[in-house]
Amino acid sequence: MAIATTGVAAAAESPRWHVVSQSVPTNFPPGATGLRYLLTVENVGAEAEGVTIEDVLPPGFSVTAASAKDLGSPVSGSEKLGCSVKVTVVCAANEPIPTGDFLAVVVTLDVSAGVASPATNVVNVFGGGVSASISEPTDVTSTVAGFGIKDFSARLEAEDGSEELVAGSHPFAFTTSLVMNTALPNAERDIISAGSLKDLEVDLPVGLIGNTQAVPKCDPNGSGLQGYLRSCPVASQVGVANVVVGGAGAPLDTFGGPFSAEVPVYNLTPSDPSITAEFGFIVQSYPILLTATLKGNETVAVHLLNSSETVPILNSSVTIWGVPSASAHDAQRFSTTGPREPGVSSNEAPSPFLTEPTACLGPLTSTLQNADSWQHPGAFLPPLQSRTATGVFGCDALSFAPTLSVRPSTTQADSPAAYSVALSVPQSQQADGLATSALRDATVTLPLGTALSPSAAGGLEACSDGEFAEGSESFSSCPPASQVGTVTVTTPVLAEPLQGQLFVAEPLCGNAAHPAPCGPQQARDGSLFRVFMQIEGPGIRVKLPGTVSVDTATGQLVTSFKEDPQLPFSKLELNLKGGPRAPIANSQACGEAQTTSELVPWSGAEAATPSSFFDVTGCGSRTPFAPGFTAGTVNAEAGRTTTFTTSLTRQDGERNLSSLRLVTPPGLLGMLSKVQPCAEPEASTGTCGPQSEIGHAFVAAGAGSQPFWTSGRIFLTTSYHGSPFGLSIVVPAVAGPFNLGNVVVRAAISVDPRTAAITVTSDPFPQMIDGVPLRVKDVEVSIDKAGFMLNPTNCAEQHITAGVLGTAVDGSGATTASVASRFAASGCSRLPFAPKLTAMASAKTSKLNGVALRVGATSGPGQANIGKVKVELPKQLPSRLTTLQKACRDKVFNINPAQCPAGSTVGTARAVTPILSHPLAGPAYLVSHGGAKFPDLVVLLQGEGITIELDGATTIKNGITTSTFTALPDAPVTSFSLALPAGPLSLLTAFLPLKAKHSLCGQKLAMPTILTGQNGAIIKKTTMIAISGCAPSKHGSKKGARKPKRHK
C-alpha cells in the first residue's frame, strides 16, 4: 500500500492526483493466486484529459486480469476505463476526468513461490500534463494481516500540490490520509477491509492551529444529524473528505463498488461543551463526526468515535482548507442542495482557518493512535507517525509586538492590593499574511518594593504537583485555599474567552518530600515560591507551571512561565486576590513604580520588553513613628511570681520596627536560679533545650488589617555582647505552606549595678526573610515560665520603659521612639518585714591594727525586701582617719575599681539571694565623692557576671560613725555579711579607756539601727555587738560578751 499526491508542482489550474495502491489482501502469501492490487486515483485539481494509469508489477508477479472504472464524482457518472495488459497494466480514461472524480483499477495476479519480500508495486498516473508516481512495498508472507492501518500520512499543501512549510502562513490545505488493511476476498470475491474501524485519534503537529471562528458554523437547530449535514450553509464548508468503501461489487465486474465519494466537510456547532470544535460529513448516508480538543498543553487532537460499522472503509483522506472562503476552493465547494456546482462561492470575506506553526524547530509530526475496531473495541493499534522532512521556515518574518499593563487596586503605600496584569499580543488575521508568533517565555518583574505579603499566609494552602497533574487532561484537584488569582484569556480562535485559576504550588523544600527548610538559594532559583496556572475552555485545559524568583536583598519579584504552548491569544489577564490577605503588598516608599518584562516569541526573534508604570501614593500624610507599647505582669501582687508580658505594635505606613531596648523597674526580676542558661552554639543556632526556656514570643507580620501570626519560644542564655545573660528568641518561620526555618533574634540582658533593674537590648529585628519583607506589625512577649518572674516588694508607681528604633524601608531615616507603660505592684503593705541583724567585733584591738567588725543580716522568704539601712557605730569603734584618707576617687572607681589604691579596700561582703544559683561576693571600698566631707562605704558584689554596688553614705559626728544605705536594690536576700578586718589599713579603730588595755572585753557596744522595707515598713532597734576573744567569766560566759537585748 502507498499514498501519493502529484509528484511535480503543478500550476494552480492544473489537475492534481491523489493515488493509493492497496494490496488485497494486505500480505500476499507466496505462491498464491487470485490476489489483487486495488488502485484508486482521485483528481483533486482541475479537470484533466488523456488520463492513463500504469501499474508496474514486481518481478515474480503475473497479471491474470485487469479492470478499471470511473467511480464517479458529484458531477459525473461511473464509466469503465479500457485496460491493456502487456509488460505493464495500462488503463486509459475515455473522457475528461473532472475535479473530485475517482478512478479505480483492480489488477488480479498470481505470486510466484520464490518472490522476495517486500516486493514493490509502482503506479504511475499521467493526465492534463501532470504526472504522479507511487511505490508500494508489499509484504510477501503467509502471515495474515488482521485489522490494522497499513499507511498514514499528513501533509501541508500549497495550491500547486507541493508541500507548504512556511512559518505562520495559512496553507492551501492540510490533508490526512489512511489506508486500511484488507482481507482475503470472500466467496463473492468482494474487496473488504480486515475489520471495521471504530475509533481513532490524530494528533496534529504542535503549533498547527485551527480557527473555527474563521467561517460560519452549521447548527442542527434540533434537526436530525443527517438532515442538517445535508442543509449546511455553503460558507460553513471547510474542506472535503475522500472515502473509498469496499463491499459487494468490489471486483468491478458489475456496476457497483468499490464505492467512492468526495463529500463536503462542514464546520459544526459543537454538540458538547467538552469539545473545542466539531466537523461532519456523510458517507453512504452515514454521518461521520470528527471532534477536536486540546491534548495536553498544545497538541490539537482530532477524534473519530463510533464510526459506522456498516461502512467498510478501504482508504480515505480528509482535506481541511487553510482559507475556506478562498475562491481557489470553489471547484470543490458543494451547494446547499447537494450536488457540487462548480464555481459556487462562499461569499464570506477570506479569513484564515489554518495557521502553520510559528516555531522553526524541526520536522512536524502527526500521530495516529487509539485506533480500534468494532470487532475488538479497546484493542488499540500501535501509533503511526507521519513526519515532514524539514520543519517550517521563515520565522524571522513573523511579527511580535506585545504590550503590558500592571495595575494595583489601590496605590496606597504599604497596603495590600489586588494586582491586575494584562498581557496583550496583537494577532494578525490577514488571509494573505503571516500570523503573529506565539509567546514562548514570559518573565515579568514587578516594581522594586512591591513584594510578597506575609498576611497572605493566613489560611493559605499549596497545590502539590500530584494534585495539579500537569501532564494530565483532567481537572486539577488543587485545594480551594491554594487559589490566589483568576485568569482570563481572549483568543481569536474561540468565541468566548477562556477562564482559569492561579494556584500557589507546593515548594520544593521544607515539606515531607523535601524536609530541609527553604533558604535564600531556593528563593532565588524559584523552587520556594512556585505557581500553577490552569486555563479552561471547551475541550481545552492548559496547565502551566511558573516560578517566582525573589531577590533576597530587595524582595523584588520575578515571575516566569517558560515553554508556553504555541497557542495564539490576543490578551491574557491575571487578577490576583485582593483584600487584607492579598498575596502582594505595595511598596512602602512612594514614587513611580515600573514593571518590566521579557517576552520571548517562539519565532526565535529578540525578546520584547514592554513596561508598565503606576505611582505609589500616600506618603505625604505618612503616620509619624509612634509605636504602641504596653508591658506589665499578669499578677501584680507584690513579692509574688508572675508572668511578664509586653507588646510592641506599629501601623501601616509607619517606619518598620527595627530593635528594642526595654528597661524594667527595680524589683521586677527573673529567678535566674530556676533556669539553666543555654550556651553557645545552641543559643545562636536556635537549638536550646527546654531547660532554658522561659517564655514565648508571638509575632504578626504583613501589611493590612489581618497580618499573619506566628509564635516561638524564648530561652535564657549565657553571656551575650558583654552582658551576663542573654535571650535566644526562636520563631519558626512557617507560614502557610512555606517553611523558611527558624528565625533567631538575640538580646543582651544587663543588670543595673545600683538598682538591679534589668535592661534587655535586642539585636536588630529581621526585616526580610528569603526575600519576603516582614513588615512586622505586632510583637508580643510572654515570660511565662512558672516561678521565674518576680514582682517588686515596692508598690510605688513606676514605669516599664523602652526605646524603639524605627527605620524606613531603605534603612534610612532611623528614629528612636521612647515609650513607657505604667507599672505598680500591689499589696505591699501586707508583706511581713522582719529581717535579723547581727554584729560581732574582735576583742583585741591595737593602734596599729585597729578593730575587726562583722555585720550580718538575714531575711525569710515572702518578706518585703530591705530598702534602706542606717547603722550608727558605738563611740568605742570610731573610723580610722588614716584609712579614710586612702579612699579611692570616684572617677577612678567608676572606670575600674581594680585601679583603686590598695588602702581603699577595707573589707569584704557576701550575699546569698534566691535570684542566683551562687552567692555574690566582693570587696568593700572607701570612695570619695568630690566635695563630700567623708568617703562612702561602697560594697561591690559580684557573681554570675552580675555586679551590684551598695553605696553607704558616711558621716562622723562627735566621733560616732554613721553609715546610711538609702537605695538598696529591691531584691530578695537570704543572708548578707560584711567583714571589716583589723590590720594596718583597718577601717575602724578602738576608743577605749586605758584600763581596758586595748580590749573590748567588758565593753557595752550598742549599735542603733533603722531598717526600712521596700514596702515602707520601718524597724528601729539597737543591735548589741557581740565581742569575740574574751576570756570566760566565772559564770561560764566570756568576759565582756553580752547577750543582745530583744527588741520589738
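The values are calculated or read from the model by the stated rules, or taken from the named source; none is laboratory data. Just so it is clear, the structure is predicted and the values come from calculations on it, not from any experiment. Here Cβ is always computed from backbone atoms with ideal geometry, including for glycine, and neighbour counts include all displayed protein chains.
Couple of notes before you dig in:
- Flag for residue 1014 being of a type in the set (S, T, N, Q), surrounded by 23 or more Cβ atoms within 10 Å (Cβ to Cβ) and within 30 Å of residue 722 (Cβ to Cβ): yes
- Residue that is modelled with pLDDT of 95 or more, in a loop (DSSP other than H, G, I, E, B) and farther than 17 Å from residue 461 by Cβ, where the choices are 488, 552: 552
- Filter result for residue 782 (at pLDDT 95 or above, at negative phi and buried (at least 17 other Cβ atoms within 10 Å of the Cβ)): yes
- Restricting region 647-676 to residues that are among the basic types (Lys, Arg) and not in a loop (DSSP other than H, G, I, E, B), the residue that is farthest from residue 912 (Cα to Cα): 661
- Some residue of region 560-572 being of a type in the set (Ser, Thr, Tyr), modelled with pLDDT of 95 or more, surrounded by 18 or more Cβ atoms within 10 Å (Cβ to Cβ) and under 16 Å from the mean Cα position of the chain (by Cα): no
- Verdict on residue 640 being basic (Lys, Arg) and modelled with pLDDT of 95 or more: yes
- Candidate set from region 878-897 (those that are of a type in the set (S, T, N, Q) and not in a helix (DSSP H, G or I)); member that is farthest from the chain's Cα centre (by Cα): 879
- For residue 472: the one exception among (1) part of a loop (DSSP other than H, G, I, E, B); (2) closer than 28 Å to residue 405 by Cα: (2)
- Contact map, region 520-542: first residue assigned by TED's automatic domain parsing to the domain that holds residue 572, second residue aromatic (Phe, Trp, Tyr) and part of a helix (DSSP H, G or I), Cβ cut-off under 8 Å, separation 6 or more or different chains; pairs are 532/468; 534/468.
- Matching entry among 408, 416, 426, 447 (being out of contact with any strand residue (DSSP E or B) (no Cβ under 7 Å at 6 or more places or on another chain) and not assigned by TED's automatic domain parsing to the domain that holds residue 199): 426
- Put simply, of 666, 732, 677 the only residue that is assigned by TED's automatic domain parsing to the domain that holds residue 806 and surrounded by fewer than 20 Cβ atoms within 10 Å (Cβ to Cβ) is 732.
Residue-wise test of (1) under 30 Å from the mean Cα position of the chain (by Cα); (2) modelled with pLDDT of 95 or more; (3) within 30 Å of residue 656 (Cβ to Cβ); (4) not hydroxyl-bearing (Ser, Thr, Tyr).
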| residue | (1), (2), (3), (4) |
| --- | --- |
| 407 | yes, yes, yes, yes |
| 417 | yes, yes, yes, yes |
| 421 | yes, yes, yes, yes |
| 426 | no, yes, no, yes |
| 434 | no, yes, no, yes |
| 438 | yes, yes, no, yes |
| 441 | yes, yes, no, yes |
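- When region 296-332 is limited to residues that are of a type in the set (Ser, Thr, Tyr) and in contact with a Phe, Trp or Tyr (Cβ under 8 Å, 6 or more places away or on another chain), the one that is surrounded by the most Cβ atoms within 10 Å (Cβ to Cβ) turns out to be 319.
- Here region 706-722 is the region considered, the condition is being closer than 20 Å to residue 456 by Cα and in contact with a Lys or Arg (Cβ under 9 Å, 6 or more places away or on another chain), and the residue that is surrounded by the fewest Cβ atoms within 10 Å (Cβ to Cβ) is 706.
- Just one of (1) within 23 Å of residue 450 (Cα to Cα); (2) assigned to a strand (DSSP E or B) fails for residue 587. It is (2).
- Leading residue by the ranking (farthest from residue 783 (Cα to Cα)) among those in region 656-669 that are within 28 Å of the chain's Cα centre (by Cα) and not hydrophobic (A, V, I, L, M, F, W, C): 656
- Among the residues making up region 406-439, those that are crowded, with 21+ Cβ neighbours inside 10 Å and not aliphatic (A, V, I, L, M) are 408, 414, 415, 416, 419, 436, 437.
- Residue 855 modelled with pLDDT of 95 or more, crowded, with 21+ Cβ neighbours inside 10 Å and outside any loop (DSSP other than H, G, I, E, B): yes
- Of the residues in region 623-646, at least one is part of a loop (DSSP other than H, G, I, E, B), touching a Gly at 6+ places or on another chain (Cβ under 8 Å), without any contact (Cβ under 8 Å) to a residue 40 or more places away in the chain and not assigned by TED's automatic domain parsing to the domain that holds residue 429.
- Taking region 149-166 as the range and being closer than 14 Å to residue 363 by Cβ and either assigned by TED's automatic domain parsing to the domain that holds residue 207 or out of contact with any Ser or Thr (no Cβ under 6 Å at 6 or more places or on another chain) (or both) as the test, the residues that pass are 156, 163, 165.
- Unique match (being within 60 Å of the chain's Cα centre (by Cα), on the phi < 0 side of the Ramachandran plot, surrounded by fewer than 24 Cβ atoms within 10 Å (Cβ to Cβ) and not assigned by TED's automatic domain parsing to the domain that holds residue 245) among 112, 135: 135
- Of all residues in region 41-63, those satisfying the criterion of being in contact with a Leu (Cβ under 8 Å, 6 or more places away or on another chain) and not in a strand (DSSP E or B) are 51, 57.
- Scanning region 705-762 for residues that are more than 38 Å from the chain's Cα centre (by Cα) and of a type in the set (A, V, I, L, M) yields 749, 751, 756, 757, 758.
- Selection status of residue 279, buried (at least 22 other Cβ atoms within 10 Å of the Cβ), modelled with pLDDT of 90 or more and among the aromatic types (Phe, Trp, Tyr): yes
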